[in-house]
1. Excluding Ser375 itself, what net charge comes from residues whose Cβ is under 12 Å from its Cβ, given Lys and Arg +1 and Asp and Glu -1?
2. Between Gly172 and residues 5 or more places away or on another chain, which pairs have amide H atoms under 5 Å apart, with H built 1.01 Å from N, and which residues are they?
3. Identify the GluC sites (Glu not before Pro) of the range 263-314 meeting these criteria: DSSP loop state and at most 12 other C-beta atoms within 10 Å of the C-beta.
4. Non-local amide H neighbours of Glu229 (under 5 Å, H modeled in plane, Pro and chain starts lacking H): which ones?
5. Using the Karplus curve 6.51 cos²θ - 1.76 cosθ + 1.60 with θ = phi - 60°, work out ³J(HN,Hα) for each residue of the range 462-470 in order, rounded to whole Hz, and write x for Gly and Pro.
6. If amide H atoms are built 1.01 Å from N in the plane of the peptide, which residues on other chains or at least 5 residues away come under 5 Å of the amide H of Ile435?
7. Which residue, Val184, Val473, Val127, has the largest displacement toward the positive end of the dipole of the chain when charges sit on each Cβ (Lys, Arg +1; Asp, Glu -1)?
8. Hey, quick one: spin label on Ala294, modelled 7 Å out along Cα-Cβ, who in the range 224-238 has an amide N within reach, i.e. under 12 Å?
Amino acid sequence: MSRRGALLLGGLGAAATAAGGAGLWWSLASRSSPRTAPVTGAELSQPSELRSTGGRLEVRLEAAAAPIELAGQQARTLGYNGGTPGPTLRLRQGDVLGVRLVNSLEQPTNLHVHGLHVSPEGSGDNVFVVVNPGAAHDYEYRLPPNHPPGVYWYHPHHHGMVADQVFAGLFGAIIVEDPEPLPVSTERILVISDTTLDGGGNVVRVSQMERMLGREGELLLVNGQSSPEFSAMPGRRERWRIINACVARYLSLRLDGQQLQLLGMDSGRFRTPENAEELFLAPGNRADVLVTTAAGNSVLRAAYYDRGSMAGMMGQGPGPRPSDRPAAAGAALATLRVAGSAAPPPSPLPPLPAGRDPDDLRTAVMAARRQLTLSSGAGMGMGGAMMGFTINGREFSAARTDTAVAAGSVEEWTLTNPSPMDHPFHLHVWPMQVIEEGGRAVDRPEWRDVVNVPAQGRVKVRVAFKDFTGRSVYHCHILDHEDLGMMGVIEVR
Ligand code: C2O
Ligand code: CU
Ligand code: CU
């Protein structure tokens, strides 16, 4: 064990040792992993697609352990309908999505449609539903006729097991189509995830320490593949739908040599596409991107992002330096090869139809202002207690309602993070408009359902609690932190 690891265990005391924590910081690369190297360079594949017809899509999603090909090798992981990612669900505004979730796992699970603006009650997007092993549950999600088009996703949400189940491969994409399709030559789904397999192809169990840090897997995958390649002709406009399905890894994506324009993030859409050098996706975020191709090879890379550490919490001297981390130089995710005869430049995008933007809340009347404090670290050290992961000092309890909101009102929430690591804050059902970030007012409407709250930082958002009532949740989208208790219950009534 390294000296730093030893110090760390010392700082955590008996509790960490009892929990079996290996006590390694960014330990994944140092775990002896006799697996053969992942297969790279395969042609990028697309998840299978299921498309609504006549206003409805009925799907059966079976969550099961299965031999699944991951990174070009047989792995024993979890998947929906035998795949990682599961099938892409393509919907239109106003559609009804019916999902029969069949639980063939050996543990409870359920389903969440991340980012969709649908009812959280009954058999809607209800995270309090528990689907036991061998059981099934019929979900029905009704999208309003003005539902924002964009990129969404689904994953399990059974408290305490979310990170393990997502890390093992349970997730898939949801697309809400534009009423009039944008003129593009190709559309691609890029679901980015990470996991770690042992020598037998099983997903490893991570230590308590890794849960507290937020686990990052050894394998960084795009649609379940390791460093796949794909090709395009120059001068084409492609549309890429990118999902960060990693449990805890932040993605700061670059694609040097190609022109990127961001159409929107999460359910939000800019008035006009924005040129972008780097796409910053906290866990749970999505980007809807236009890529105008230029001849040459370009590598889609995830640059290193320092999301902080728990060093400060331990009171144990310096934490890991970026250079301690294997991914410090940035990880290659995929390679785009652009060659062939150039096309004439693509026609300009038609303007977005008027009246589709949600109301800009910068001038709205606030019914309430609240502060939500995301803490990790308080309460450690005494009587062997572990780090507490709390919101406003409390760990999640399904029975307690933390925040009661009047239906139809607009509120301003100040999200503060006094801890030494970033926490990506996620609210279900109702999108957040970012009002202030890094101490500065945001000068245009920007909508997100996951908002990163940096270490020692704060962010102000406004939310219109309209269209639906019921109980739902907000939480840190470092899914380990959610499982450790950094989640609260909201009731709109
Ligand atoms: Cu993507 Cu409550 O989760
Ligand atoms: Cu969600
Ligand atoms: Cu967190």
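1. Every neighbour counted, the sum reads 0.
2. So Gly172 has HN proximity to Gly86, Tyr154.
3. Those satisfying the criteria are Glu277.
4. It is Gly41, Ala42, Glu43, Leu44, Thr335, by chain and number.
5. Per-residue couplings from phi come out as 10, 9, 9, 8, 10, 6, 9, 10, x Hz.
6. Under 5 Å from the amide H of Ile435: Lys460, Val461, Arg462.
7. Positive-end residue among those listed: Val473.
8. Within reach of a label on Ala294, which here means backbone N under 12 Å from a point 7 Å along Cα→Cβ, the range 224-238 contributes 235.
The numbers here are math on the coordinates, done by the rules we state, and not lab data. Owing to the predicted nature of the structure, the values given are computational and were not obtained by experimental measurement. Ideal geometry is used to build each Cβ from the backbone, glycine not excepted, and the neighbour counts take in all protein chains shown.
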